[in-house]
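For reference, the structure discussed in these notes is given below.
Values in this text are rule-based calculations from the coordinates and carry no lab data. A quick note: this is a predicted structure, and the numbers were derived from the prediction, not measured. Heads up, the Cβs are rebuilt from the backbone with ideal geometry, glycines too, and the neighbour counts pull from every protein chain shown.
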Amino acid sequence: MLLQASAGDPFFNSVLNFVLYLPFVLFFLYGQRLQTWVILNSVSRSLGKLESLRNRSKKELVDYVVKECKPASDPGDRINQFLEYFTIMPNSLDPRGIVNKIEHVVSLQEERIATEVKALAPAASSIQSKAVENMVEVATTLNMLYKVVRHYYLIGKKTASLYVLMQLQMIMPSILQEADALIGAVDALKLSQPIGDGIGPMVAGRIMLNIPTKTIAKETVLAETTYMSRTVYVIKAEGPIGTVGHLGKAVGALVEDMGVKPNAIIMIDAALKLEGEKTGEIAEGIGAAIGGVGVERFRIEEVATKHQIPLYAIVVKQSLNEAISVMKKEIAESGDKAVAIVQRAIEDRTHEGDKVLVVGVGNTLGVAQ
Amino acid sequence: MAMMFPSFGEKKQKMQVYTIEECQNCHDKVKRPFQQGDYVYKEAGECQKCHGKKMITMVFGEEPQGKQQQAKSEQKAPPQSKQ
C-alpha cells in the first residue's frame, strides 16, 4: 500500500535505493572484517573445547596418581611443570648417523619420563608406572596442541589476518578429532584395557601362548616354537604393561647376536584405515609394518637387507581414534583371522626346516603372552 | 525443534567394555563386564562345565545396544540417489 502510494515520489525512490544498496556497500567495505569476526568466533569455540580437553587430561592424570599411586606429596605442581617438558630432535643437516642420534635422544626422553614418574609415584607398580607414563604423554600432547592453536589464534586476532585465521579454521576439525582420540585413550590407560593398537601383540601373544619366553631387549620378549616343521621365533613387547618394547633391537639381537637367520620375517601391526574402509579388515603386504619415529623400522629393514630376509606385513585396519581407544569388538575378533593368515603365510612362503620370525607390533597394554 | 537443527559430527557415547573367558579344553566362552585387573591371556579359573582351565582371550569395547542398532540400520539403508 505504502509502496503503491509513494511509487511516483522521487525522494522516496532515492531512500529506497539507498536502503537496497547499503548492505552491498557495507559488505564491500567491511566484508573481510565480518568474515574475520565469524572465523575468530568459530576458532575461539574450538579453542575452548581444546582447553577443556587439555584440562580434563591433566585432571585425570592427577586423580590417577593420587588415587592409585598414593604419592607422599601433592603431585599437581610437579605434573604441571612436567607437561612443559620438551625434546629437541637432532640436527639433520648432515644426515649421516641420524638414526643413532634420534635413538639416543628418544631413549633419553623415555628414561627421563620414567625417572620423573618414579619420583612422582615411588610406590606404583610397573603397570601403574607405565599407565602414568602413557597418560603423561597424552596430557603433554594435548597441552602442546592447545598452546600451538592458541598461538596462531592470538596472532590472527592481533594482526586481524584473515588468512592466518582461515588456515587455522580449516585444520581445526582434524586437530579436534586428534584431541578427541587422545582423550578417549585416557579411560583405557587408567584401567589398563587393551587398545586397538594392541592387535599386533595380541596375535603374537596367541602364537606364543604356553611357551616359555625370555627377555631379548628392554621390555621385549622372545619365544621359540614349531609350526608345520618350521622353527618359529615370536617377538613382542612384554605385556600386560603399556609399552611398545624395542623391537628393532630385539630383531637385531636375534639375527646378529644369537646368529639366527630367519627365512622370513612376518610383522603384524595396526594400520590406519581410510574413510570408508571397514574396521578390523586385514590386509597383507610387503615391508616392515611398524610406525613410530622410524628408528625401529630402520633397524629391522637394515637387518633384513643385510641378510636378504623377505619382510612380510599383515595389518589390521582401524582409525586413529580406534587405535588409541579401548579395542573394539571388530578388531579383537580379527585376531583369530590374523593368526590364520600368519599360519598360511608360514606354510606358503617357507619350507619345512626353515626358520620364521613373527613380530607383533604395537602397544601391548592389557595383553600378556 | 531439534530436528530442524541437526548437530554436525558424532555425539560420542562411552563404550561398554567386556571380557571374554574361554575354556582351553571345551572352548566354552563366557562374556562378562570388564573388571579392573583383567588382561588378555590371564588365567581365569576353572571351567564350570568341564573343569578345564579358563583364560581371558579378549577384552573389547562395544557401543551401547541402542546406538549399535541405530548404526546397523543406518548401514543397511540403501543410499538415496538425488535426481
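If I fit a long axis through the Cα atoms of helix A:329-349 and take the longest principal axis of the Cα atoms of chain A, what angle between them do I get, 0 to 90°, rounded to 10?
Tilt of helix A:329-349: around 50 degrees.
Neighbouring Cβ atoms within 10 Å as the yardstick, rank A:Ile39, A:Ile324 fewest first.
So the ranking, lowest neighbour count to highest, is A:Ile39, A:Ile324.
Report for chain A the percent antiparallel among DSSP-assigned beta bridges with both residues inside it, nearest 5.
50 percent
Provide A:Val19, A:Val342, A:Val358 in ascending order of the number of other Cβ atoms located within 10 Å of each residue's Cβ, fewest first.
A:Val19, A:Val342, A:Val358
Measure nothing fancy, just the Cα-based angle from helix A:10-64's long axis to the longest principal axis of chain A, in degrees from 0 to 90, nearest 10.
Roughly 30 degrees between the two axes.
Please list, in chain and number order, the residues 5+ apart from B:Phe34 or on another chain whose amide H is under 5 Å from its amide H, with Hs placed from the backbone.
Sorted by chain and number, the residues that satisfy this are B:Val17, B:Tyr18, B:Thr19.
Within chain A, which is the longest segment that contains none of the GluC sites (Glu not before Pro) sitting in a DSSP loop with at most 12 other Cβ atoms within 10 Å?
Working: sites that count: A:Glu84, A:Glu275, A:Glu352.
Answer from the scan: A:85-274.
Which of the trypsin sites (Lys or Arg not before Pro) found in segment A:99-167 are loop residues per DSSP with 16 or fewer other Cβ atoms within 10 Å of their Cβ?
none
Put +1 on the Cβ of every Lys and Arg and -1 on every Asp and Glu Cβ in chain A; which of A:Leu209, A:Phe28, A:Leu142 then has its Cα farthest towards the positive end of the dipole?
Of the listed residues, the answer is A:Phe28.
What shape does segment A:30-190 have by the C-alpha gyration tensor, where a ≥ b ≥ c are the square roots of the eigenvalues, rounded means a/c under 1.5, and otherwise prolate means a/b greater than b/c and oblate the rest?
oblate
Which order do B:Arg32, A:Arg299 fall in if you start with the one that has the fewest other Cβ atoms within 10 Å?
B:Arg32, A:Arg299
Looking at segment A:305-369, how many pairs of lysines come closer than 15 Å at the Cα, when each pair is eight or more places apart or spans two chains?
4
Under 13 Å from the Cβ of B:Phe34, count the other residues' Cβ atoms, weight Lys and Arg +1, Asp and Glu -1, and hand me the total.
+2
Say a site is exposed when it is one of the chymotrypsin sites (Phe, Trp or Tyr not before Pro), sits in a DSSP loop, and has at most 16 other Cβ atoms within 10 Å; what is then the longest site-free stretch of chain A? Each step should come with its number before you reach the end.
Values: sites that count: A:Tyr85, A:Phe86.
Answer from the scan: A:87-369.
Compute the acute angle (0 to 90°) between the alpha-carbon long axis of helix A:126-159 and the principal axis of greatest extent of the alpha-carbon atoms of chain A; round to the nearest 10°.
Orientation of helix A:126-159: about 30 degrees from the principal axis.
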